[in-house]
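To keep things clear, I will list the structure first and then write my remarks on it.
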Amino acid sequence: MVAVAVAAIALVSLVTIVISALELEGQARKMTEATLIAEDKLKEIERTGYPEVAQMEALVDETDPSGFAYRLTVTETPIDDVRQVDVEVLWDNKRRSVSLVGYFMKK
């Protein structure tokens, strides 16, 4: 009887650990995807050239309003002809986010 009780306690602990691991894996997957989206936005700006000073916010996928959104901010820097681009990718109703910063020089 004692062995059964110990086994039950161990099983409950194991199930709790597995559930926690699955939740963390899902969060890590979203964070990785958000980072890749932010990198893509910076690469897109690099391809299009020197960015104008601006701020914008949009959904990554217009057909999925519950998915990822991004906020893009282009600002001047103290260095002539260099602009700072901040890309913030948000998810989970904008409660979680990843931010990347890039610097672009006028050619």
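How would Asp64, Asp92 line up from fewest to most surrounding beta-carbon atoms within 10 angstrom?
Ranked by crowding around the Cβ, least crowded first: Asp64, Asp92.
Can you tell which of Ile79, Val53, Leu90 lies farthest toward the positive end of the dipole of the chain, using +1 and -1 charges on the Cβ of basic and acidic side chains (Lys, Arg; Asp, Glu)?
The residue sitting most towards the positive pole is Leu90.
Just need the relative contact order of the chain here, percent rounded to a whole number, with Cα pairs under 8 Å and 6+ apart.
22
Okay, helix-only estimate at 222 nm for the chain: each DSSP H run of n ≥ 4 adds -39500 (n - 2.57), divide by all residues, round to 500 deg cm²/dmol; what do you get?
Mean residue ellipticity, 222 nm, calculated: -16500 deg cm²/dmol.
What's the lysine pair count for segment 3-107 at a Cα cut-off below 21 Å, pairs eight or more apart or interchain?
8
Quick one: putting +1 on the C-beta of Lys and Arg, -1 on the C-beta of Asp and Glu, what dipole do you get for segment 2-105 around its Cα centre, in Debye to the nearest 20?
Approximately 500 debye in magnitude.
Tell me the angle of helix 2-48 to the major Cα principal axis of the chain, expressed in degrees between 0 and 90 and rounded to the nearest ten.
So the helix axis and the longest Cα principal axis differ by about 10 degrees.
Take the Cα coordinates of segment 2-105, assign each an equal point scatterer, and use the Debye formula without solvent to give log10 I(q)/I(0) at q = 0.14, 0.15, 0.18 Å⁻¹.
Debye output, listed in q order: -0.64, -0.69, -0.87.
A short reminder: the numbers here are calculations on the coordinates, not readings from a lab. No experiment lies behind these values; they were computed from the predicted model shown. Cβ sites come from the backbone with ideal geometry, for glycine too, and all protein chains shown count toward neighbours.
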